[in-house]
Amino acid sequence: MKKKSIAVFISGRGSNFRAIYEEIERGNINGEIVALISDNPDAQGLRYGKEKGIEGRVFQWTRGEPRDRFFQGIMDYLDQRGVDLIVLAGFMLVLSKNIIERYRNRIVNIHPALLPSFPGEEAQRQAFEYGVKYSGCTVHFVDEGVDTGPIIQQRVVPVRDDDNTETLAARILVQEHQLFPEVVRLFCEDKLEIVGRRVLVKK
Ligand code: GRF
């Protein structure tokens, strides 16, 4: 089976990007990262990419710029590379319709809560302050809503009495680093099947 070409979108730290990169390096994912995109020139993940020989490309959105046009610029860049899968690894901009349509069922995002609870920003804080006893992380396909696309896989993290937002977020992050590469691996082996809102893993 041909290797999948992966584009990773980041905005900051890039630890999920790193987890996926390392799993590719171990030979466990039938794919390669052909593009690293950041909307933030200071993203720490760009430095890690550079160390590994992956040249990042910054697309900075300026307030007032039509989002369709901004993402068209990114798509033109991706077209030169023939991308099969877009991985949103801590990418803070909401995607526009044109890129979602173009890459329908080929964009995956990680969210640090058990969707459909606590979508949007600061999910770990939302969950902690709500007082849930279990939170976790979700990898889902991206549709037009915010964190509403079909759920691919989730990991559960119990909330402890002595937790605070930061300690909970740290334990969720450990699970993210296992879950996200696993989903990318399944995608790259054509193992994910979407049936309505359900995503099944083919045998
Ligand atoms: C992660 O918690 C992810 O779930 C959320 O943004 C954070 C990104 O972290 N979408 P990193 O940049 O991968 O370290």
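Structure above, values below:
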item	result
Protection proxy ranking, peptides 117-126, 15-24, average beta carbon neighbours within 10 Å, highest first	15-24, 117-126
Extension gain from ASP190 to ASN105, taking 0.36 nm per residue of separation minus the Cα-Cα distance	29.4 nm
Contour minus Cα-Cα distance for ARG13 and ASP161 (0.36 nm per residue)	50.5 nm
Principal axis dimensions, largest first and in whole angstrom, of segment 43-162 by Cα	49, 33, 29
Pair GLU121, ARG57: separation of 7 Å Cα→Cβ label points (nm)	2.7
Peptides 58-66, 163-171, 177-185 ordered by average Cβ neighbours within 10 Å, highest first	177-185, 163-171, 58-66
Two-decimal Rg/Rh across segment 1-65, once Rg and the Kirkwood Rh are taken from alpha-carbon atoms	1.02
Amide H contacts of LYS4 (H built 1.01 Å from N, under 5 Å, at least 5 apart or other chain)	GLY31, GLU32
For the chain, share of DSSP beta bridges that run antiparallel, in % to the nearest 5	45
Förster radius 30 Å - calculated FRET efficiency between ASN98 and ARG197, Cβ distance, rounded to 0.05	0.85
Under 16 Å from LYS3, Cα to Cα: lysines that are on another chain or at least 8 residues apart	LYS191
Separation of the VAL146 and GLU25 label points, Cα + 7 Å toward Cβ, nm	3.5
Full-stretch length increase - GLN80, ASP68 - with 0.36 nm per residue and alpha-carbon distance subtracted	2.5 nm
Percent breakdown of C-alpha pair distances by 5 Å bin, ordered from the shortest bin, for the chain	1, 7, 16, 20, 21, 17, 11, 5, 1, 0, 0
Selected from PHE187, VAL58, GLY145, residue furthest toward positive end of dipole (the chain; charges at beta carbon)	PHE187
Most to least packed among 85-93, 37-45 [average Cβ atoms within 10 Å]	85-93, 37-45
Whole-number Å³ per residue for the convex hull built on Cα positions in segment 57-121	106
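Every number here is computed from the coordinates shown, using simple stated rules; none is lab data. Given the structure is predicted, the values throughout are model-derived calculations rather than measurements. Backbone-built Cβ (ideal geometry, glycine too); neighbour counts: all protein chains shown.
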